[in-house]
Ligand code: DP6
């Protein structure tokens, strides 16, 4: 007969946002501890539209640590997963669940195994910082399960060892990852600059750009940049420290012109550093370049920036509009240049916060092709259109940090077996 005392399963479910850097992290000074060559600043994206949900479970009946991502079992043997698990485990505390009659002493955690199930509410393949949300969620949920009494700063230093950008996903709003000085990385942590309510006019539109090309991973790309680019040294030492101060001030004062100027310049310099790598790395494609031109032309015609753009290690454009009205106009322009394929309706072409479409009078629009050309096209040459070059758009906004989901129906693991539902 099975030992009754072996039957319990204790679970925690959490949700963690993804983030987009406006001052980029690119380059490590320590590959194992994941210590960067410069500070970075990001905006956390609303988890309603882009997030990872993770359930972690512990049971004496589990015989090894296991993980499932979007329903498929994946290996936990990688060094980065192991670092996160080790760092969390050694900080575990006593846990008691009186209702279930479960008692776990601090020292028991060394012998107990965990099951982890993670799910992204956006396509992992779209290249939208899924590792940042994923690793942050893993660390946050395990810390809750194991009653780790560390603050978010300490947890961010653990998430950092899973993936650098993950440390910034432990907070909502505007977040700075301080590079730190310590060789062990104890001071390389994320801090919140302002919460998501501080600047809630901002609207974020992401163009998921179709791409056939297999991209160089961030990890490999930045290693090659560190090894070969002189421009990176200049960027890390001379450019970023000044930009960080200016960006902090722009965020503090909700100074959109300065925020947009810095965001675009830093994205462009990051891609310039990629081009300065040997062999050169190309993350943006023609569509990305077209989007930059559209935004630049519009900003110039208005005399002051309306929209900022930024691109990570891939061709997708993340555009930040100064307010909802501007975001509506931006969508009109983007839909003019990048109309959906004839078999795609607008409702599935623009996803996320649909109220932007509605406010711009675009909701339910049947014939996107009939949209008038943007006024900054002054010449008589008909504007070229690029149907099919954007897969879809996501409308979102700055959002909150990690949260626990207490409703058991949202758990990804079965409460009896501890296996994926
Ligand atoms: C271009 O955090 O994915 O998105 O630390 O090697 O896991 P690893 O890299 P990762 O790099 C992100 C790079 C970036 C810029 C940024 O998010 O700051």
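Quick notes on this one:
- Among 33-44, 251-262, the order from most to least packed when residues are scored by Cβ within 10 Å on average: 33-44, 251-262
- Length-normalised contact order of the range 203-396 in % [C-alpha pairs under 8 Å, at least 6 apart]: 31
- In nm, spacing of pseudo-spin labels at residue 249 and residue 198 (7 Å Cα→C-beta vector): 1.6
- Per residue, the average separation of C-alpha pairs within less than 8 Å and at least 6 apart gives the range 12-114 a relative contact order of 24 percent.
- Stretching residue 343 away from residue 300 to a fully extended chain increases their span by 12.0 nm, per 0.36 nm per residue minus the current alpha-carbon distance.
- Separation in nanometres of the label points that stand 7 Å from Cα toward Cβ, at residue 103 and residue 121: 3.9
- Cα long-axis angle, helix 130-145 against the chain (0 to 90 degrees, to the nearest 10): 30
- Each label point was placed 7 Å from the Cα along the Cα-to-Cβ direction; for residue 215 and residue 191 their separation is 3.0 nm.
- Averaging the sequence gap over all C-alpha pairs within less than 8 Å and six or more residues apart, then dividing by the number of residues, gives the range 7-195 a relative contact order of 29 percent.
- Sites residue 90 and residue 30 - FRET efficiency at Förster radius 25 Å, r taken between beta-carbons, to 0.05: 0.80
- Stretch gain in nm, segment residue 406-residue 419, where the contour uses 0.36 nm per residue and the Cα spacing is subtracted: 2.8 nm
- Footprinting exposure proxy for 99, 176 (fewest neighbouring C-beta atoms within 10 Å first): 99, 176
- Cα gyration tensor shape of the chain, rounded if a/c is under 1.5, else prolate or oblate by comparing a/b with b/c: prolate
- Cut-off 13 Å, label 7 Å out along Cα→Cβ of residue 149, residues of the range 80-104 by amide N: 91-95
- If R0 is 41 Å, the Cβ-Cβ spacing of residue 242 and residue 286 corresponds to a FRET efficiency of close to 0.80.
- For peptides 155-162, 362-369, sequence by mean Cβ density within 10 Å, most packed first: 155-162, 362-369
- Put simply, when 18-24, 191-197, 71-77 are sorted by average Cβ atoms within 10 angstrom per residue, most first, you get 18-24, 191-197, 71-77.
- Panel order for 199, 26, 298, by other beta carbons found within 10 Å of each beta carbon, from fewest to most: 298, 199, 26.
No lab work stands behind these numbers, since they all come straight from the coordinates. Since the model is a prediction, treat every value here as computed from it, not as a measurement. Here Cβ is always computed from backbone atoms with ideal geometry, including for glycine, and neighbour counts include all displayed protein chains.
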